[in-house]
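Worksheet: the structure to be examined is printed underneath.
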Amino acid sequence: MSKQEVGFFLGGHEAGLPKRGRELVAIGCDAITIDGSRVHWYQYAPLPVLEAPGDPAPGGSVHYGCPMRWETFNVVAHRGASDIAPENTMAAFTRAAALGATAIEFDVHQTADGELVVLHDYRVDRTTNGSGIIFEMPWSEVSRFDAGGWFGEDYIGERIPRLSEVLELLDLDFELEIKGHAPAMLELVLDAVDRAGVLDRVKFTGWNLPLLAELKRRRPGATIGLFSRLPDPWMDTTLFEHVTVGLAAHFDAEVAHVHASVLTPSIVERLHAQEAGAGERRHHNGRSSASHRHRG
C-alpha cells in the first residue's frame, strides 16, 4: 500500500465497532470527519491505522473530500482486549467480543498435572500475584492466582483461564499459540479442541515448527499459522521473501505472520499465490481446505 492509499480503522469504542471491522481506503486524503470530530491518520509500518469514535450513529455522517471504498477485514484481539483489560483473561476476551473483534489470540501452556491454561509467559510472575514456572505447578495452585489485580482494582479476582473455558466462547474465532514442546501436550490441545467442536474456528500457531507439522499430520483439515522471523542482517528483501514463502509451503501453512516492518506488496502477493495453489492441490488430493484464508 503506497503512502497515498491509506487504510482507516473505524471503531475502537464499545458503542461503535461493527461485528466485522471495516476499512476505509482513501486515496489522496490526510483526514476525515466523523460526526463532527476531525481525525487524522498516521503512518504505522507500512500500513497507517487510525482509531475513531466509531461508525456514525443513526442519522450521522462521514464527510470526506476524495474517492473512498469500504472493505471488510478480520479483527483479531491480541491476548484479548489487552489495552483495557488484563491480557489473556476471560475479562479481556469478553471485552474483545463486545468491541467487535472477530477473533482472539492467546497462548496455551500445560500445568504440571496436565491442565491446559491460557497465559503468555512461561513464568506467572508478570501477570499474576504468584511466582514460578507454569509447567512446574499443579492446577490446584495455578487456579488460586489473581491474574487481574496487577492491571487494576476493577479486575481483582480474575483468574488464569483454562483452555476449555475459552473455547466455550461463541461468535469468535481462536488463534491458539501452543507454548509447549511435548507430543503429549499436542494431543491434549487437539482433544480439547475436538471436545469443544471448534476445529474450524481455530488457527494453531507457535514457534515450534516440527510440532505444527505433527499437528497437521494428525489433523489434515486444521489451519496452522507460520511465525516469520525478522530477516537476518545478510538477507535482502528478495531472499527473505523466498525463505518465508518456502517455509509456508513446506509446512503447508494456510497463514503466515510477517512483521509489519518487512511487509511488502510483493510478499503478500506471493503468499496469497502460494496458498491459492496449495488449495487447489488439497482439492485434487481430496482434502478439505479453505484456500481463501487470509495471511497477515
With just the Cα atoms defining each centre, how far is the stretch 108-143 from the stretch 231-276? Give it in Å. 34 Å
Which value, in Å² rounded to 10, gives the accessible area of residue 238 with a 1.4 Å probe and all protein chains present? 100 Å²
The correct ranking of 84, 133, 104 by accessible area at 1.4 Å, largest first, is 84, 133, 104
Provide 140, 82 ordered by accessible surface of protein heavy atoms (probe 1.4 Å), highest first. 140, 82
Answer in debye to the nearest 20: the dipole magnitude of the stretch 89-248 about its Cα centre, from +1 Lys/Arg and -1 Asp/Glu charges placed on Cβ, is 340 debye
Put 267, 156 in order of accessible area, largest first, probe 1.4 Å, and you get 156, 267
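The values are calculated or read from the model by the stated rules, or taken from the named source; none is laboratory data. From a predicted model like this one, the values you see are computed outputs, not experimental measurements. Every residue, glycine among them, receives a Cβ derived from its backbone with ideal geometry; neighbour counts consider all protein chains shown. Side chains included, ligands, DNA and RNA excluded: accessible areas come from the protein's heavy atoms. Shrake-Rupley method; radii C 1.70, N 1.55, O 1.52, S 1.80 Å.
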